[in-house]
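One structure below.
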Amino acid sequence: MATRRKFLKNISLAPASLMIPTALAATSSVNETYTQGLVISTWDFGDLGNRKAWEILAGNGRALDAVEQGVKVVEDDPDTMTVGLNSYPDRDGIVTLDACIMDEKGYAGSVSALERIKNPISVARKVMEDTPHVMLVGKGAQQFALSKGFKLEKQERSPRADQAWKEWLKKSEYKPIINVEMHDTIGMIAMDKKGDICGACTTSGLAFKLHGRVGDSPIIGAGMYVDNEVGGAAATGVGEYVLKTLGSFLIVELMRNGMSPQQACKEAVMRITQKYPYKDVQVGFIAMNKAGETGAYSIQAGFVYSECRAGTFTKNNAQSFL
Ligand code: SD4
């Protein structure tokens, strides 16, 4: 990082003919790192996670602990139906969980289609820290979790999820409803007081998905991405569209090339709307850069994101394409 700053400084001494293009020059203005502590997350329920994350950041903790502990609160929340084991199941009535995490050094861990384990985000962190791999899926991910001391929970749906699934079975129609819960996946990006950025993302995926379906959330670069030199981004919504455009990686790269987090989130949404029918699709992005600027943008109105800046908590309506 220091090397990059030196690079940017040196570049301003270069003769005009060697000057960087305007887009890159804008990046060089983001040469101060915000060090007051900052966390953003998707949806209204992100606030719950932000509060936990802030406790860690305020105590000079590491952003990685902040995002893991922050999203874990939402995984454990019994009222949340889209993150953690209380969530809506897939078509076969099985709850399968996806999660990923990324640290300030660029290390990453992820699990997908994980069954009967309470905190997929912590399993993802173990994959990152205790294995040479990035991603484990299905039975293998579960076996790994058990080997790390995670408990095998009962194979049962929460009463609310069970009722919703039985209702869904009557028509068995696969149709994600926009903003139906006003909260879906939690993606969280935090910057600690050292200025290091880490991210986490965790979900049960789309309700009543095909068994075996993998969304964007556990895929590094799609559901979440961090480059500590630049910033981080996370996604929520219909994962298929985020996967096809690698939204979070795209946002970080656009920020690297000079866009603000807000501009980059908007551009990532436009990549989707320019290519695919989007009328009934919701996708939302959040992003943060090293200067502590944040942004969010979604296809449909109604996407809320939560932020905590230096101890002040807010919930904000993201700008949207429609
Ligand atoms: C997925 N992106 O599995 C997740 C679900 C979600 O709003 O965020 N829904 O596609």
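For the reader, a short list of remarks on this structure follows.
- Selection over the stretch 197-221 of residues that are within 9 Å of the ligand (Cβ to nearest atom), within 11 Å of T82 (Cβ to Cβ) and part of a strand (DSSP E or B) gives a count of 1.
- A113 vs. criteria more than 25 Å from K154 (Cβ to Cβ), buried (at least 22 other Cβ atoms within 10 Å of the Cβ) and touching a residue at least 12 places away in the same chain (Cβ under 8 Å): no
- Scope the stretch 73-101; condition under 13 Å from S158 (Cβ atoms), more than 15 Å from the ligand (Cβ to nearest atom) and part of a loop (DSSP other than H, G, I, E, B); matching residues: D77, P78, D79, L85, N86, G93
- Just one of (1) among the acidic types (D, E); (2) part of a loop (DSSP other than H, G, I, E, B); (3) closer than 22 Å to N50 by Cα fails for D280. It is (3).
- Taking first residues from the stretch 286-305 that are within 19 Å of Q36 (Cα to Cα) and in a loop (DSSP other than H, G, I, E, B) and partners that are modelled with pLDDT of 95 or more and hydrophobic (A, V, I, L, M, F, W, C), the Cβ contacts under 8 Å between residues at least 6 apart in sequence or on separate chains come to K290/M191; K290/I197; K290/V230; G292/L38; G292/M191.
- Answer from A26, A53 - the residue that is at pLDDT 95 or above, in a helix (DSSP H, G or I) and not aromatic (F, W, Y): A53
- Scanning the stretch 222-273 for residues that are among the aliphatic types (A, V, I, L, M), surrounded by 24 or more Cβ atoms within 10 Å (Cβ to Cβ), part of a helix (DSSP H, G or I) and within 13 Å of the ligand (Cβ to nearest atom) yields a total of 1.
The values are calculated or read from the model by the stated rules, or taken from the named source; none is laboratory data. All values reported here derive from a predicted model rather than from experimental measurement. Glycine also receives a Cβ, built like all others from the backbone with ideal geometry; neighbour counts cover every protein chain displayed.
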